[in-house]
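Asks: Here you go, one structure.
Just so you know, all these numbers are worked out from the coordinates, no wet-lab data involved. This one's a predicted model, so the numbers in the text were calculated from it and none came from an experiment. Methodologically, a virtual Cβ is constructed for each residue, glycine included, from the backbone with ideal geometry; neighbour enumeration extends over all protein chains shown.
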Amino acid sequence: MTLIDPDTVLKTDNSQIDSSHAEFTQLLNQMSAANNLEFAKLFAELLTHTEQHFQEENRLMEQSGFPAQTEHKAEHQRILGELTQFKKRLDKGLVAFARAYATEKLPAWFTLHLSTADSALVEHLIRALKSKDSVT
Ligand SMILES: [Fe+2]
Ligand SMILES: [Fe+2]
């Protein structure tokens, strides 16, 4: 089952962010069809991927002085907290909780986060780059 159709994932005009989002989408879709053993492995990969993905966006926000970085970073932290909690349950063999989270919550969160927080960040990055170009 495809949880997120890759063709419908919003492109942001930032290739680095877009490739991160493509990887997230791919992992989530693989998880939906995985057996319990594979699922646990993919969930761990998703957590590692997401830590890096958020770290990179946080760095871009700091570098460019993104005005809404407090809210955006807090949202990243909230999701990382949830992923970490479900990973702990998975490590105890409780697969159903993490599966429900991955299939019922994460796709909708991801789609919304892309069209709001991440889109606003990329718009800001493009504006910041343009104003830098016009100064130099
Ligand atoms: Fe993102
Ligand atoms: Fe983000």
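Asks: Given the -39500 (n - 2.57) contribution per DSSP H run of 4+ residues, what per-residue ellipticity at 222 nm results for the chain, rounded to the nearest 500 deg cm²/dmol?
Replies: That calculation yields -25000 deg cm²/dmol at 222 nm.
Asks: Less than 14 Å Cβ to Cβ from Glu56, Lys/Arg counted +1 and Asp/Glu -1: what total charge do the surrounding residues give?
Replies: -4
Asks: Need one number for the chain: average projected area of the convex hull over its C-alpha atoms, nm².
Replies: Result: 8.1 nm².
Asks: Using 1/(1 + (r/R0)^6) with R0 = 35 angstrom and r between the beta carbons of Arg89 and Ser134, what's the FRET efficiency to the nearest 0.05?
Replies: So the FRET efficiency works out to roughly 0.10.
Asks: Could you give the size of the charge dipole of the chain about its Cα centre, using +1 on the Cβ of each K and R and -1 on the Cβ of each D and E, expressed in debye and rounded to the nearest 20?
Replies: Dipole magnitude for the chain comes out near 400 debye.
Asks: Cα-Cα over 18 Å: which of Lys41/Lys87; Lys41/Lys88; Lys11/Lys105?
Replies: Violating the 18 Å Cα-Cα cut-off are Lys11/Lys105.
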